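To start, the structure itself, in structure tokens.
The values are calculated or read from the model by the stated rules, or taken from the named source; none is laboratory data. What you see is a predicted model, and the numbers here were worked out from it, not measured in a lab. Neighbour counts are summed over all protein chains in view; Cβ atoms, including those assigned to glycine, are modelled from backbone coordinates with ideal geometry.
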């Protein structure tokens with residue numbers, strides 16, 4: 001199997017697992033009559049940290065796997081070291097560009113499949129939540145798919161996502177500078193970084209910090225045929241996509257210059 005094919009497969013699998021575990025914990029905390037109902041923000045942040053660790057560990061375990069799982073991380077890697085991250089595995093610069101865009105697409109598809117799994121597991125609880133006639137029922141169902149701000153402000157919501165992604169991308173790119181970091185330590189550290197971002201910076205927007213993680217499940221929400229599910233909030237959706245990508249581009253350029 002070609003290395004770039006292995007990369008695509010592991011990115012798909014890893015992103016799917018990331019969403020299954022990450023949005024799975026959100027569903028367990030928010031949906032009606034679950035075992036973890038009302039477990040709180042700490043459970044969600046720990047759950048997402050574990051989700052990143054497990055997904056990165058699995059997706060980077062195979063030859064050709066990189067464990068990007070995030071278009072912002074992939075973009076930062078491409079800008080800071082395109083020859084090492086994409087061109088070499090594809091065989092040429094032109095082919096590397098194609099692989100890069102395929103990675104982004106496959107991550108979004110993986111996130112969509114992961115969300116379908118979450119919805120199947122929690123389907124009865126989704127329906128119970130929507131039929132409970134609570135004023136925030138639709139918001140809870142959207143929240144198990146994608147992020148949303150506590151207070152709407154394009155500028156400050158963008159800044160929050162940009163800063164959170166910046167911390168994540170700097171941490172991941174910095175790890176690549178340590179020659180002593182093992183293949184197992186890397187995923188664990190990535191999970192700790194996401195945990196730290198969630199605890200410190202996630203209170204305003206829900207810290208998407210990953211365009212695929214937000215966009216893929218939001219698409220699935222828009223396709224759901226459930227009464228009273230509410231809007232998919234496409235008016236906000238550009239922020240958790242463009243802000244992380246902007247952060248990835250900026251940090252990638254800075255590491256290229258170092």
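So if I check each of 173, 215, which one is farther than 28 Å from residue 126 by Cα and assigned to a helix (DSSP H, G or I)?
Only one candidate passes the filter, namely 173.
Output yes when any residue across the range 128-145 is at pLDDT 95 or above and under 28 Å from residue 65 (Cβ atoms), and no when none is.
There is at least one residue in the range 128-145 that is at pLDDT 95 or above and under 28 Å from residue 65 (Cβ atoms).
If you take the residues of the range 220-246 that are under 19 Å from residue 101 (Cα atoms) and over 14 Å from the mean Cα position of the chain (by Cα), which of them is surrounded by the fewest Cβ atoms within 10 Å (Cβ to Cβ)?
That would be 238.
Filter the range 54-85 down to residues that are closer than 26 Å to residue 257 by Cβ, without any contact (Cβ under 8 Å) to a residue 60 or more places away in the chain and over 13 Å from the mean Cα position of the chain (by Cα), then give me how many there are.
5
For residues that are closer than 20 Å to residue 85 by Cα and either at pLDDT below 90 or in contact with a helix residue (DSSP H, G or I) (Cβ under 8 Å, 6 or more places away or on another chain) (or both), tally how many sit in the range 157-188.
Number of matching residues: 21.
Out of everything in the range 29-41 that is assigned to a helix (DSSP H, G or I) and touching a residue at least 40 places away in the same chain (Cβ under 8 Å), what residue ends up being nearest to residue 193 (Cα to Cα)?
41
Per-residue answers, yes or no, for (1) within 30 Å of residue 88 (Cβ to Cβ); (2) surrounded by fewer than 17 Cβ atoms within 10 Å (Cβ to Cβ); (3) within 16 Å of the chain's Cα centre (by Cα):
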position: 11; (1), (2), (3): yes, no, yes
position: 15; (1), (2), (3): yes, no, yes
position: 20; (1), (2), (3): no, no, yes
position: 26; (1), (2), (3): no, no, yes
position: 40; (1), (2), (3): no, yes, no
position: 44; (1), (2), (3): no, no, yes
position: 52; (1), (2), (3): yes, no, yes
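Might you check whether a residue that is touching a helix residue (DSSP H, G or I) at 6+ places or on another chain (Cβ under 8 Å), in a helix (DSSP H, G or I), surrounded by 15 or more Cβ atoms within 10 Å (Cβ to Cβ) and touching a residue at least 60 places away in the same chain (Cβ under 8 Å) occurs anywhere in the range 200-209?
So far as the range 200-209 goes, no, none of its residues is touching a helix residue (DSSP H, G or I) at 6+ places or on another chain (Cβ under 8 Å), in a helix (DSSP H, G or I), surrounded by 15 or more Cβ atoms within 10 Å (Cβ to Cβ) and touching a residue at least 60 places away in the same chain (Cβ under 8 Å).
Only residues that are touching a residue at least 60 places away in the same chain (Cβ under 8 Å) and buried (at least 19 other Cβ atoms within 10 Å of the Cβ): list them for the range 90-103, please.
Passing the criteria: 90, 99, 103.
Looking at (1) assigned to a helix (DSSP H, G or I); (2) modelled with pLDDT under 95, find the lone condition where residue 54 falls short.
Among (1) assigned to a helix (DSSP H, G or I); (2) modelled with pLDDT under 95, residue 54 violates only (2).
Taking residue 167 and the conditions (1) surrounded by 15 or more Cβ atoms within 10 Å (Cβ to Cβ); (2) in contact (Cβ under 8 Å) with a residue 60 or more places away in the chain, which numbered condition does it fall short on, given that it satisfies the others?
The failed condition is (2).
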